[in-house]
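First up is the structure itself, then whatever we jot down about it.
A short reminder: the numbers here are calculations on the coordinates, not readings from a lab. Just so you know, these numbers come straight off a predicted model, no measurement behind them. All Cβ positions, glycine included, derive from the backbone under ideal geometry; neighbour counts span all protein chains shown.
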Amino acid sequence: MKHQAAPSSEPNVLSISIVVYRPDIQQLNSTLAGLSAACHAVYSKRPGQMIALSLIVNGGLSERLASLDELRASGVACTVITGHGNVGYGRGHNLAIQRSTSRYHLILNPDIDLAPDSLQRALDFLEAQPEVGLLTPWIGDESGRQQFLCRRYPTLLDLFVRGFLPTALQRLFSRRLARYEMHDEINDQDIVWDPPIVSGCFMLFRTSVLKQLAGFDPRYFLYFEDYDLSLRTHTVARVAYVPNVRVLHHGGGASRKGSSHIRMFISSAYKFFNRFGWKWL
């Protein structure tokens, strides 16, 4: 396993991990550029405190990223972790989580665009609410419309309808899906305490909580690792949805990514329900 680092002896206020596998380079550069602006806002209010990024390459990234050099130039300590193969999403993040000595740790997808003030607002909230171990933000789509990625505990029917039915047929289950996606509680203004499940595309943890949970369960290769980690977090700390922390998400569902992703989705769903309990309808 190869590590390329910009080391620092200073304690980190924030560490960040991004796992990539055959990434969209344009989108990854956009994510890193947004991250650079958000880190700059943190440094402006917290001079002398350090931020560290770990980019975990599970495969398919051979070119040098100018945006990563820009992050280094702005004062972010950047580490590239390679050579371990495609170990999956959760195990990739765990490589960074295990070595983190920060106060807070952000699990971030390579398809997220951060608002410039997002990290600063998120850190302010966690520092004001010491009982919170995990923060999830307001998440918009490419058009700026809210995505409802907080979830109640799923049934098999919820997952099938949400993940695999065409949009026209999903409308027949609109009330059911709205309840699953917490439309009755999640909005763009109100903090929501303890949503059962939050999205893995942006999970800002108190690092001590994340380490207590030992990070992601490595049995999930892809999908449902965030469901699992969310539910386990409730056993040791509070979870908060904070809508004044804002990001945009460019991701897509398993059914739009081909048969191999469908197989991984089904395999991970089986592991999830076996652990936490089956709920059919």
Check your understanding: Where does the Debye-calculated log10 I(q)/I(0) of the stretch 1-160 sit at q = 0.10, 0.11 Å⁻¹, using only Cα point scatterers of equal weight, no solvent?
Key -> -0.38, -0.46
Revision key, fill the gap. Once both label points are put 7 Å beyond Cα along the C-beta direction, the Phe160-Arg263 separation in nm becomes 2.2
Practice item. Specify the longest stretch of the chain that does not include any exposed loop site, a site being one of the chymotrypsin sites (Phe, Trp or Tyr not before Pro) with a non-H, G, I, E, B DSSP assignment and at most 13 other Cβ atoms within 10 Å. Key: 1-277
Revision key, fill the gap. To the nearest 20 debye, the stretch 61-153 has a Cα-centred charge dipole, built from +1 on Lys and Arg Cβ and -1 on Asp and Glu Cβ, of 400
Point to revise | Projected area, mean over directions - the stretch 175-267, Cα convex hull, nm² | key: 7.2
Check your understanding: Taking the alpha-carbon centroid of each part, what is the distance from the stretch 199-233 to the stretch 106-163 in angstrom?
Key -> 13
Review point. Looking at the P(r) of the stretch 85-204, how many percent of alpha-carbon pairs lie beyond 23 Å?
Key: 41
Check your understanding: Would you list Glu142, Glu225 from fewest to most Cβ contacts within 10 Å?
Key -> Glu142, Glu225
Practice item. Take the alpha carbon atoms of the chain, find their radius of gyration, then divide it by 2.2 N^0.38 Å using N residues; give the quotient. Key: 0.97
Practice item. Work from the charge dipole of the chain (Cβ charges, +1 for Lys and Arg, -1 for Asp and Glu, about the Cα centre) and give the residue of Gln147, Leu177, Tyr270 farthest towards its positive end. Key: Tyr270
Point to revise | Gap separating the Cα centres of the stretch 169-194 and the stretch 14-61, nearest whole Å | key: 30
